[in-house]
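Remarks on the structure that follows.
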Amino acid sequence: MITLLDMSSPTPPAVNLVDVWKRFPGVVANAGATLSVTEGTIHAVLGENGAGKSTLMNVLSGMYRPDSGEIQIKGQQFWFRSPADALAAGIGMVHQEFRLIPSFTVAENVVLGASERILRRSSIEAQVGDVANEFGLKIDPTRPVWQLSMGERQRVEILKSLWRNAQILILDEPTAVLTPSEANELGTVLREMANSGRSIIFISHKLHEVKEFCDEATVLRGGETVAASLLVKDTDTVKLAGLMVGSSPSTISRPTPQSQGTPLLTVSGIGALDDRFLPAIQDLNLTVHGGEIVGIAGVSGNGQREIAQVIAGLRPVTSGKIIINGEDLTNALPVERFRAGLGYVPEDRLGVGLAPRLNIIENAILRNYRNLRQGPLLAEERMRTYCEDIINRFGVRSGLLGDPIAGLSGGNLQRLLVGRELSGNPKVLVAAQPTRGLDVKGVKAIQDLLVAERSDGVAILLISEDLDELLTLSDRLLVMHEGMIVGEFDPTTAKRHDIGAAMAGEVAT
């Protein structure tokens, strides 16, 4: 770690990030982002998925090196080469995915890597217990981690930072794995830590918790800081939701209204769990007719991803029924849903929708490879022809078709994915974040495809974090909050304030 400059002032902020830029191939994650955290406060960092929150925190915690910008800690400028450098400067981070060894005890996990000398088990257990008691972290230092609940494991992660004397603690979605009572206990612990002079950076999508726990808030959108150091007591969840969603110019005009067809997608009383087996969807009902786009808005993390996966058959339901094109496919396999006329564009195009290690042809035929066989083997010429048809119809710009798909730009990856799903002539299309990360030209191309499918009678469920996109494309707009539909709006007459209120869970329309 190199300290470049002493910028001390009478009361410098605990953290001051200035004009931070961080680029990855094809993506600008942070575009001049700023963040100022007052010492002894709990500071919320808000923004939708892809807004740049995690990247900015990884820069602060030493995981990433910024391309440019300044990192100032209590008036001194730093350049971190690694997380160890950041920790030496007093910065600790608790990630969403815990980094613990299940067979080790709490105390062993806490001190692991923090000492170069041999320690007596009884001594470290007593010391870890003292630190836990000081901050109200109810945990038995002698218990093995595999016996702990998720809430208790999070306390161990916090203890690891406190043991290393972190004065600045970053918590990434800390309540995602907690029950409501555990979340309230965490809020009490964080306040105790702030009162002791530590500074807490609280990343969350749960706006009511931001209001309850935090002193200040900074909002990121598109890699930029759009609101800095707001006093939480002087704002409300509706305003925060509006800042997160923002406003962007529409790229296409509103589609001409058309008469609705028959219901092609019906979801009745659906319940489902998230990846940590906590309730993600509760008694959810919706219907999409042929020739209709139904949009779903909401602050990220309120069940949008899960409902898309449930409809696609990638996540089991705990209750309810799913009817696709007249068939009850509640417990059907994904392939059976696709045969019944379902198309699915997942939000994670490279992690779920496409296979980065396969080439362009292989990705293009994933949906229809069974029909491209010659005897027991795939017919190479038929595969190439099928792929070329998708590329030509949907304007995919590519190099050699035998090259790995990872070489394509984000826009061309999305066109190939959408084209592959539409090539099967679906009756129902679930499109989750279909234009995320694309430039203006790419956004318009995907939106034009969705409108064309709507005109051909396809029932489209559009899940997006771009409220302007939803207001432009949707025939009806639904709002999700905490796994439920809490509002339905006419996009032609709805007021943004009312939608924001529903997203914050304050009204039910």
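In the stretch 113-133, the qualifying residues are those that are in contact with a helix residue (DSSP H, G or I) (Cβ under 8 Å, 6 or more places away or on another chain) and closer than 20 Å to MET93 by Cα, and the one that is most open to solvent (accessible area, probe 1.4 Å) is ALA114.
Against the numbered list (1) assigned to a strand (DSSP E or B); (2) closer than 22 Å to ARG436 by Cβ, VAL396 comes up short only at (1).
Counted as qualifying within the stretch 264-348 are the strands (runs of 3 or more DSSP E) with 3 or more residues that are within 19 Å of GLU465 (Cβ to Cβ), namely 279-289, 292-297. For the stretch 86-135, taking the residues that are among the acidic types (Asp, Glu) and at pLDDT 85 or above, the one that is nearest to the chain's Cα centre (by Cα) is identified as GLU108.
Of a type outside the set (Ser, Thr, Tyr) and surrounded by 14 or more Cβ atoms within 10 Å (Cβ to Cβ): which single residue out of ASN325, ASN392 fits that description? Please lay out each step first, then the result.
Values: ASN392 fails: surrounded by 14 or more Cβ atoms within 10 Å (Cβ to Cβ).
Among ASN325, ASN392, only ASN325 is of a type outside the set (Ser, Thr, Tyr) and surrounded by 14 or more Cβ atoms within 10 Å (Cβ to Cβ).
Only one entry in ASN184, ASN195, ASN165 is at pLDDT 90 or above and of a type in the set (S, T, N, Q), namely ASN195. Within the stretch 20-43, the only residue that satisfies the criterion of being under 21 Å from the mean Cα position of the chain (by Cα), touching a residue at least 60 places away in the same chain (Cβ under 8 Å) and not in a strand (DSSP E or B) is GLY26.
Among the residues of the stretch 83-90, is any in contact with a strand residue (DSSP E or B) (Cβ under 7 Å, 6 or more places away or on another chain) and outside any loop (DSSP other than H, G, I, E, B)? No, because not a single residue in the stretch 83-90 is in contact with a strand residue (DSSP E or B) (Cβ under 7 Å, 6 or more places away or on another chain) and outside any loop (DSSP other than H, G, I, E, B). Determine, yes or no, whether ARG81 is closer than 26 Å to ARG23 by Cα, basic (Lys, Arg) and in contact with a Phe, Trp or Tyr (Cβ under 8 Å, 6 or more places away or on another chain). Against the criterion (closer than 26 Å to ARG23 by Cα, basic (Lys, Arg) and in contact with a Phe, Trp or Tyr (Cβ under 8 Å, 6 or more places away or on another chain)), ARG81 does not qualify.
In this structure, does GLU173 turn out to be farther than 22 Å from THR105 by Cα, open to solvent by 40 Å² or more (accessible area, probe 1.4 Å) and of a type in the set (Asp, Glu)?
It is false that GLU173 is farther than 22 Å from THR105 by Cα, open to solvent by 40 Å² or more (accessible area, probe 1.4 Å) and of a type in the set (Asp, Glu).
Based on this model, can you work out whether LEU87 counts as open to solvent by 40 Å² or more (accessible area, probe 1.4 Å), closer than 21 Å to GLU173 by Cα and among the hydrophobic types (A, V, I, L, M, F, W, C)? Yes: the conditions hold for LEU87. List, please: which pairs have Cβ atoms under 7 Å, are six or more places apart or on different chains, and start with a residue in the stretch 409-437 that is free of Cβ contacts under 8 Å to residues at least 60 places away in the same chain and farther than 19 Å from LEU314 by Cα and end with one that is in a loop (DSSP other than H, G, I, E, B) and among the β-branched types (Val, Ile, Thr)? Taking only residues 6 or more apart or on different chains, the pairs are ASN412/VAL396; ARG415/VAL396; GLY419/VAL396. The single condition among (1) farther than 16 Å from LEU56 by Cβ; (2) under 30 Å from the mean Cα position of the chain (by Cα); (3) surrounded by 16 or more Cβ atoms within 10 Å (Cβ to Cβ) that PHE80 does not meet is (1).
Evaluation of GLY375 against the conditions (1) small (Gly, Ala, Ser); (2) at pLDDT below 80; (3) under 19 Å from VAL345 (Cβ atoms) shows that the sole unmet condition is (3). The residues of the stretch 271-289 that are surrounded by 21 or more Cβ atoms within 10 Å (Cβ to Cβ) and either modelled with pLDDT under 95 or more than 13 Å from LEU461 (Cα to Cα) (or both), listed by number, are ALA272, ALA280, ILE281, LEU284. Taking residues in the stretch 187-206 that are of a type in the set (Asp, Glu), and partners anywhere that are surrounded by fewer than 24 Cβ atoms within 10 Å (Cβ to Cβ), the pairs with Cβ atoms closer than 7 Å and at least 6 places apart or on different chains are GLU192/PHE135; GLU192/GLY136.
Once the stretch 452-472 is narrowed to residues that are touching a helix residue (DSSP H, G or I) at 6+ places or on another chain (Cβ under 7 Å) and farther than 23 Å from ALA504 by Cβ, the residue that is modelled with the highest pLDDT is ILE460.
Scan the stretch 172-181 residue by residue and report those that are over 15 Å from the mean Cα position of the chain (by Cα) and either modelled with pLDDT of 85 or more or in a loop (DSSP other than H, G, I, E, B) (or both). Full working, then the answer.
Of the stretch 172-181, the ones over 15 Å from the mean Cα position of the chain (by Cα) are 178-181.
The answer is LEU178, THR179.
If the condition is being assigned to a helix (DSSP H, G or I) and over 33 Å from the mean Cα position of the chain (by Cα), then the stretch 362-387 contributes ARG370, ASN371, LEU372, GLU380, GLU381, ARG382, MET383, ARG384, THR385, TYR386.
Among what's in the stretch 345-359 and is open to solvent by less than 20 Å² (accessible area, probe 1.4 Å) and touching a strand residue (DSSP E or B) at 6+ places or on another chain (Cβ under 8 Å), pick the residue that is nearest to GLU453 (Cα to Cα). Before you say what the answer is, go through the steps one by one.
Narrowing the stretch 345-359 to residues open to solvent by less than 20 Å² (accessible area, probe 1.4 Å): 345-346, 353-354.
With touching a strand residue (DSSP E or B) at 6+ places or on another chain (Cβ under 8 Å) added as a condition, the list becomes 345-346, 353.
Numbers: VAL345: 14, PRO346: 17, GLY353: 20 Å.
Across the stretch 345-359, the extreme among qualifying residues is VAL345.
Beta carbons closer than 9 Å, at least 6 apart along the sequence or on distinct chains, pair a first residue in the stretch 330-350 that is touching a residue at least 24 places away in the same chain (Cβ under 8 Å) with a second that is of a type in the set (Ser, Thr, Tyr) and buried (at least 20 other Cβ atoms within 10 Å of the Cβ) for ARG337/TYR344; PHE338/TYR344.
Taking (1) modelled with pLDDT of 85 or more; (2) surrounded by 14 or more Cβ atoms within 10 Å (Cβ to Cβ); (3) in a helix (DSSP H, G or I) in turn, ASN412 satisfies each apart from (1). Evaluation of GLY313 against the conditions (1) of a type in the set (Gly, Ala, Ser); (2) open to solvent by 10 Å² or more (accessible area, probe 1.4 Å); (3) within 17 Å of PRO263 (Cβ to Cβ) shows that the sole unmet condition is (3).
The values are calculated or read from the model by the stated rules, or taken from the named source; none is laboratory data. No experiment lies behind these values; they were computed from the predicted model shown. Cβ atoms come from the backbone with ideal geometry, glycine included; neighbour counts cover every protein chain shown. The accessibility values were calculated without ligands, DNA or RNA, using every heavy atom of the protein model including side chains. Shrake-Rupley method; radii C 1.70, N 1.55, O 1.52, S 1.80 Å.
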